[in-house]
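Report on the structure given below.
Rule-based calculations on the coordinates, nothing more; no lab input. Given the structure is predicted, the values throughout are model-derived calculations rather than measurements. Reconstructed Cβ throughout: ideal geometry from the backbone, glycine too, with neighbour counts over all protein chains shown.
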Amino acid sequence: MNTPKISILVPVYKVEPYLQRCIDSVLAQSFTDWELILVDDGSPDRCPEICDRNAVMHPDKIKVVHKENGGLVSARLVGFKESKGEYLVFLDSDDYLYPHALSVLYNKIIEGYDIVRGRNNQVSPTHEIYGIEEYKIHQGELEGEEYTHAYIMGEVAPYLWGAIYKRSLFSEEIFRKFLFVSRQEDWVTQIGISSRVNKVFYIEDVIQAYMINDASIMQSYITDYSYVMKIGDVFHVMMKSFSPTIQLLIQCDRMKELNRCFFFPELPFDWNVYKRMRIFLKNNQNLNVVSNMTDAKFLRFVQAPLMFWTYTRIYNVMFRYIKLNGKKRKVLR
């Protein structure tokens, strides 16, 4: 296999109905100087067989790695280590690219950008198109810190997929830092590389279809206080690589996530975390930033301990029986 311009990294786990569609979308690209790395993350279905069959059919383009199940970040680490491309594209195995995707991304990134991102259609498992996903910023150029600010504030798409990246932004260490992460994997990886980013461009082209799967981890799992703090601890070690502005935004984002934990019915009220949050939010600058990151209802009564406790308990009872129909989600710790 010759050294390609683009390496496409696809972690594979329990996506048997959709995997061939994903692979076919890569094979159909108008841009042909690519390699496809399929990382079978210990999938218990027929995905390993599908991967191997495609590699046999396209030995000069497709490489398969089989590994024990370790999660999305570990699969991406393996894919990164196996890849050779000057540029990287991340693709989830239940999504698919439109035929022009690699061409438009590559033609823009060679103008001197570190990241070029396109737009995506949201689709159902039965191929129904819900429409283009909208964000405040979806066209034009952003400088490095401007981009990181927009990313943390939720003004741009939060995914690792749907874009092309200079390979030099990444390292094995970046992935290793977050091997424990099983939710917000894209978010932590993007922040992890952000200090290396100088210029980003957003194009209007719709390049990818993103499948909305109600059974995904995002709908069936929640994170507890310790999980949020573990991610915060990793970023704390990395803080010197960020400007004071970005440091504050990261701290406020972690506090926003801790605040949300109080509104998960599956979690008890943690008074120690509450005290930490209350002290942090007494600072008006911190409060203003967090207020811009989250729904106002989550900060209601936050400076009044008994009222906040009562409010969150009532909210959680109503949420469990009205929104969750009495069901409990699994907790990631």
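Holding the Cα-Cα limit at 24 Å, pick out from Lys136/Lys230; Lys81/Lys330; Lys297/Lys323; Lys230/Lys275; Lys275/Lys323 the pairs that are longer than that. Each step should come with its number before you reach the end.
On the way: Lys136/Lys230 30 Å; Lys81/Lys330 32 Å; Lys297/Lys323 16 Å; Lys230/Lys275 18 Å; Lys275/Lys323 28 Å.
As for pairs spanning more than 24 Å Cα to Cα, those are Lys136/Lys230; Lys81/Lys330; Lys275/Lys323.
Expected output is a single nm value to one decimal: the length gained when fully extending between Leu248 and Val65, i.e. 0.36 nm times separation in residues minus the C-alpha distance. What is it? Write out the running numbers ahead of the final one.
Details: separation 183, 0.36 × 183 = 65.88 nm, distance 3.96 nm.
Full-extension gain reported as 61.9 nm.
Take the alpha carbon atoms of segment 260-332, find their center, do the same for segment 114-135, and report the distance between the two centers in whole angstrom.
31
Using a Gaussian network model of the chain whose springs link C-alpha atoms within less than 10 Å, name the residue from Met277, Met153, Met211 with the highest mean-square fluctuation.
In the Gaussian network model the winner is Met277.
Under a 5 Å amide H to amide H cut-off, with H placed in plane at 1.01 Å, what residues pair with Phe90 once short-range neighbours are removed?
Close amide H contacts, sequence-distant or interchain: Leu9, Gly162, Ala163.
Dipole size in debye (nearest 20) for segment 255-333 around its Cα centre, Lys and Arg Cβ +1, Asp and Glu Cβ -1?
Numbers: 16 positive and 4 negative charges, 50 e Å.
Once rounded to the nearest 20, the dipole reads 240 debye.
Which option, (i) 36, 23, 18; (ii) 39, 20, 19; (iii) 40, 25, 19, is the value of semi-axes √(5λ) of the Cα gyration tensor in Å that was calculated from these coordinates?
Identified label for the calculated read-out: (i).
Taking every DSSP beta bridge with both residues inside the chain, roughly what % is antiparallel (nearest 5)? Don't skip to the end; give the middle numbers.
Numbers: 15 of 43 bridges.
Given both bridge residues lie in the chain, the antiparallel proportion sits at roughly 35 percent.
Could you give P(r) for segment 43-157, binned at 10 Å from zero, as whole percent values over all Cα-Cα pairs?
Each 10 Å bin holds this share of Cα pairs: 10, 31, 38, 19, 2.
Using helices alone, what [θ] at 222 nm do you get for the chain, with -39,500 (n - 2.57) per DSSP H run of 4 or more residues, divided over all residues and rounded to the nearest 500?
Values: 13 runs with 143 residues, N = 333.
Theoretical 222 nm ellipticity from helices: -13000 deg cm²/dmol.
Show me, for segment 110-115, the HN-Hα J-couplings you get by feeding each phi into the Karplus relation (A = 6.51, B = -1.76, C = 1.60, θ = phi - 60°), rounded to Hz, glycine and proline as x.
With coefficients 6.51, -1.76 and 1.60, one gets 6, 6, x, 9, 8, 9 Hz.
Looking only at Cα atoms, what is the convex hull volume of segment 88-211 per residue, in Å³?
Numbers: hull volume 13.1 nm³, N = 124.
Looking at segment 88-211, the number lands at 106 Å³ per residue.
Can you list residues from other chains, or at least 5 along the same chain, whose modelled amide H is less than 5 Å from the amide H of Val206?
HN-HN under 5 Å from Val206: Arg119.
Give me the aspartates and glutamates in straight-line cross-link reach of Lys14: C-alpha distance below 14 Å, same-chain residues under 8 apart excluded.
Output for Lys14: Asp40, Asp41, Asp45, Glu49, Glu68, Asp92, Asp94, Asp95.
For segment 162-203 and segment 65-87, what is the centre-to-centre distance using only Cα atoms, to the nearest Å?
So the two Cα centres are separated by 14 Å.
How high is the relative contact order of segment 67-159, in percent, with contacts defined as C-alpha pairs under 8 Å that are six or more residues apart?
Values: 37 pairs, mean separation 12.1, N = 93.
Taking the mean separation of contacting Cα pairs over the length of segment 67-159, I get 13 percent.
Which residue, Arg76, Arg46, Arg254, tops the fluctuation ranking in a GNM of the chain built on C-alpha contacts under 10 Å?
With Cα springs under 10 Å in the chain, the top fluctuation among Arg76, Arg46, Arg254 is at Arg46.
Defining a contact as two alpha carbons under 8 Å apart and six or more residues distant in sequence, what relative contact order in percent does segment 222-332 show? Before the final figure, lay out each step's value.
Details: 79 pairs, mean separation 39.0, N = 111.
Once normalised by length, the contact order is 35 percent.
If I model a spin label as a point 7 Å beyond the Cα along the Cα-Cβ vector, how far apart are those points for Arg276 and Thr32 in nm?
5.5
When the Debye formula is applied to the Cα atoms of segment 222-332, each taken as the same point scatterer, what base-10 log of I(q)/I(0) results at q = 0.19 Å⁻¹?
-1.02
So for the chain, averaging the separation of alpha carbon pairs under 8 Å that are six or more residues apart and normalising by length, what relative contact order in percent results? Can you show the working numbers first?
On the way: 551 pairs, mean separation 56.2, N = 333.
Averaging sequence separation for qualifying contacts and normalising by length gives 17 percent for the chain.
Rank the residues Trp309, Trp187 as a footprinting-exposure proxy: fewest other Cβ atoms within 10 Å of their Cβ go first.
Details: Trp309 15, Trp187 19.
By the 10 Å Cβ count, ascending: Trp309, Trp187.
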